[in-house]
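Enquirer: Here it is: the structure, laid out below.
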Amino acid sequence: MLRFRRVLLAAGSLIFLGACLLPAIQSKTPRQVLTGKAAFGDFTQQKPGTFRKITVADLPQPFATESAFNQPSMVPRPADAWPQALPGFKVELYASGLDEPRLIRTAPNGDLFLAESKTGKVKVFRGVGKGGKAETTEVFATGLELPFGIAFYPPGPNPQWVYVGNTGSVVRFPYHVGDLKASGPSQMIVPDIPSGGHLTGGGHWTRDMVFSRDGKKMYVSVGSRSNNDDADNNPREIHRANVLEYNPDGSGFRIYAYGLRNCVGLEVHPQTGEVWCSTNERDGLGDDLVPDYITHVRDGGFYGWPWYYMGGTQDPRHTGKHPELKDKVITPDVILQPHFASLEMTFYSGKQFPKEYQGDIFAAEHGSWNRKKRTGYEVVRVPLKNGHAAGEYEDFLTGFVTDKGDVWGRPVGVAVGKDGALFVSDDGSKSIWRVSYVGK
């Protein structure tokens, strides 16, 4: 009997020990973050779940390599090609046959508003039907001039207007939640934003806009006209490479922040109210300069262009100019790989993805044209903690380049659906992709 009791006690101890160890066994392995030179790479090294962190100390000297001209060789999507995500995520083709789908934003009722820039249209997509396809597609507005940015005003569940950023103006259309077509003509809000054209390495034409949380201010991004011209001596750069601020009626103009070469994607953090930006940096200094970046944007902040980059590093093409600005240059929160062509960004506000994704940033990386080995052509995730970034980013959605280096997809826009899925516009395959979480 005594021996039997000892066996029971021993078994109980093992069960108790197992229960204590179980959380440790089941806990996630700490993520591995590539740093230093390993954090750089090309499309062949991109894989969902790979984290990277680049710092200013990791950057090479200017002209360490020659600048490349390597425009993507676009091909139709091969039959076996599909965007790749981590296990547990499902990627579906939501819409196809579009005409240069660009920025995409979600209306309060879950409708997706998409800018088709070349045709001057804004389209609306509604619902998710069989096979993950859109149930309804309508043209909301036409006759626009290279539309890109889309914003609903006032912020909240019942906006009365849809604002659209043309390349040289901001207009708005009357709107009631659920409208699939504009109920009236456009109204001019800002008629004189510096406009741009399609020039390799400059002439940035995209204009995004967002409203402050209280709806009192409107922020508009305007990229530079050139790659690195001295803004002091080039009148075409007036009010460019800036984030501009207006009242919602177009009055109250001022420069909110400057020295951002091309802040393509603007957002306002839903909790902190900070303005955030996804930025394309300059070219011509080599394969691994200058990094693109994602950052919160300070009121009055200077981000370097064209005289400096990544803090107080002087562009050698402007040696000795503006020494008084050196200590004012802000280092961005998240340094991405150079020539990524970082476009729209959004904060994940849904509940469908696992808890660790809540509040994180997703950003579309259109892909390089001036790097010897292609990089970008993906969607990245930037983890945030209490609204702050630690400088890391993750390869989230990849696979838009074939093994031979041909490109079939180029992510442009990202938006969170009302159901918590992530929608990605892709002007390479002229599609919208829907990424949902179905569990492991």
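Every number here is computed from the coordinates shown, using simple stated rules; none is lab data. This one's a predicted model, so the numbers in the text were calculated from it and none came from an experiment. Glycine gets a Cβ as well: all are built from the backbone with ideal geometry, and neighbour counts include every protein chain shown.
Enquirer: Roughly how many Å is it from the Cα centre of the range 159-180 to that of the range 300-358, as a whole number?
Expert: The distance from the Cα centre of the range 159-180 to that of the range 300-358 comes to 29 Å.
Enquirer: Pick out, in residue order, every one of the trypsin sites (Lys or Arg not before Pro) in the range 31-70 that is DSSP loop and has at most 12 other C-beta atoms within 10 Å; say none if there are none.
Expert: Passing both the DSSP loop test and the Cβ count: ARG31.
Enquirer: Rounding to the nearest 10 and keeping the result within 0 to 90°, find how far the Cα-based axis of helix 2-26 lies from the longest principal axis of the chain.
Expert: Roughly 10 degrees, rounded to the nearest 10.
Enquirer: Looking only at the range 32-437, where both bridge partners belong to it, what percent of the DSSP beta bridges are antiparallel (to the nearest 5)?
Expert: In the range 32-437, approximately 95 percent of DSSP beta bridges are antiparallel ones.
Enquirer: Additional query: Taking +1 at the Cβ of each Lys and Arg and -1 at the Cβ of each Asp and Glu, which of GLY286, GLN352, SER224 sits farthest along the dipole of the range 219-358 towards its positive end, judged by Cα position relative to the Cα centre?
Expert: SER224
Enquirer: With +1 assigned to the C-beta of every Lys and Arg and -1 to the C-beta of every Asp and Glu, and no other charges, what is the dipole magnitude of the chain about the Cα centre in debye, to the nearest 20?
Expert: Details: 50 positive and 47 negative charges, 330 e Å.
Once rounded to the nearest 20, the dipole reads 1580 debye.
Enquirer: Let me ask something else. When the convex hull of the Cα atoms of the chain is projected onto a plane and the area is averaged over all directions, what value comes out in nm²?
Expert: Directional mean of the projected Cα hull area for the chain stands at 25.9 nm².
Enquirer: Further, regarding this structure: Would you be so kind as to identify which of THR319, GLY399, PHE40 lies farthest towards the positive end of the dipole of the chain, taking Lys and Arg as +1 and Asp and Glu as -1 on Cβ and the Cα centre as origin?
Expert: The listed residue farthest towards the positive side: GLY399.
Enquirer: Most mobile of LEU112, LEU86, LEU336 per a Gaussian network model of the chain (Cα springs, under 10 Å)?
Expert: Answer for the Gaussian network model of the chain: LEU86.
Enquirer: Here are some pairs, LYS118/LYS321; LYS53/LYS133; LYS37/LYS372; LYS181/LYS217; LYS53/LYS328; LYS130/LYS181; which of them have Cα atoms lying more than 28 Å apart in this structure?
Expert: Table pairs above 28 Å Cα-Cα are LYS118/LYS321; LYS53/LYS133.
Enquirer: Please give the peptides 71-80, 304-313, 352-361 ranked by average Cβ packing (other Cβ atoms within 10 Å per residue), highest first, as a rough proxy for protection.
Expert: Per-residue mean Cβ counts within 10 Å order the peptides as 304-313, 352-361, 71-80.
Enquirer: Show which aspartates and glutamates lie in cross-link reach of LYS123 when reach means a straight Cα distance below 14 angstrom and same-chain residues fewer than eight apart are skipped.
Expert: List returned: ASP99, GLU100, ASP111, GLU135, GLU138, ASP179.
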